[in-house]
1. Let's test the formula: R0 of 35 Å, r as the Cβ-Cβ distance of residue 79 and residue 296. What FRET efficiency results, to the nearest 0.05?
2. Suppose the chain between residue 315 and residue 219 were pulled fully straight at 0.36 nm per residue; how much longer would it get relative to their current alpha carbon spacing?
3. Could you give the length gained on full extension between residue 127 and residue 329, defined as 0.36 nm per residue of separation minus the Cα-Cα distance, in nm?
4. Mind checking the angle between helix 2-12 and the chain's longest principal axis? C-alpha axes, 0 to 90 degrees, to the nearest 10.
5. Enter the angle in degrees (range 0 to 90, nearest 10) between the Cα long axis of helix 63-78 and the first principal axis of the Cα atoms of the chain, meaning the one along which they spread out most.
6. What distance in nm separates the two pseudo spin-label positions at residue 57 and residue 17, each 7 Å out from Cα along the beta-carbon direction?
7. Need the full-extension length gain, residue 203 to residue 34, defined as separation in residues times 0.36 nm minus the C-alpha distance. One decimal, nm.
8. Rank these for me by crowding, 316, 238, going from fewest to most other beta carbons within 10 Å.
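No lab work stands behind these numbers, since they all come straight from the coordinates. Worth saying up front: this structure is predicted, and the values here are computed from it rather than measured. Cβ placement follows ideal geometry from the backbone for every residue including glycine, while neighbour counts extend to all protein chains displayed.
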Ligand code: SF4
Ligand code: SF4
């Protein structure tokens, strides 16, 4: 009520709430494994990931104090100040912002255990540390926020990790978020463990599950994931797909092109065949981050061709929803630029 009155006064005083800010500054946070950050984005000049609570291990958060701190950051934006860590971020935008205290953007990234051992996983670099570190339980902390009536729909909730379905609090957490009206939850799962909460979210059209299978054959799957759950994952994908309501493409298979393990047209063909057979009409395409970093900007032409090939497959199989994640999207929009850089390098040799 107080927030509504305040906003009416602002209107009366003709003070505009139009300024440059972003959804995470206004109403979001990212639960990481050692702290609570504002967001999880870091590919821009300022580096993002501003820490809101340092050295965090699951203690109860004083949410009133948390919102007070957020209001201070919001005030800076109102005065036209861009936070250092936000400089250059594509998510900054000028628009009308409300002045209310609530959360509708959350990212959960606070655990690292998984039932796969992907060669490209960030946990490989310090596998002992990541395998042994203890999870902390966010459920009571988020429940308090929910009990205060401070969680709303209309934003975006993301689960990364680690494998979310392995988290003991995952099922009650997703159910609570759905009960709070969250209508856009995205779970990146290995697909090895079936989750009834994912099934519920998918059936209600409020949760997207993305499973990166990266392969169309058990051999390639095992070579990349270093576990032998290929058939189990496709079985679970089919069960999730069966839970979808009509015209809601909430189950996505993902193919990360990862040379030299799966960079062939044959693998892509088989991946699409299995996707369609599972009743899925939505895919995500990307290029592996580490390989991309090492090869940019001299990415061989055949990788661009594979992306084109995969895109053609999406048309052939009448996919209803196709997403190109970060690297793939960047490569597609900068192909000509990279080509020129390559030509210049060759002519300078
Ligand atoms: S502007 Fe970008 S870096 Fe800053 S909080 Fe928003 S998403 Fe994060
Ligand atoms: S499924 Fe994800 S979290 Fe698990 S090992 Fe693979 S990349 Fe890492």
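1. E between residue 79 and residue 296, to the nearest 0.05, is 0.40.
2. 31.9 nm
3. Once the chain is fully extended between residue 127 and residue 329, it gains 69.8 nm.
4. Between the helix axis and the principal axis of the chain, the angle is about 80 degrees.
5. It works out to around 80 degrees.
6. In this crude spin-label approximation the distance works out to 3.9 nm.
7. 57.5 nm
8. Going from sparsest to densest Cβ surroundings: 316, 238.
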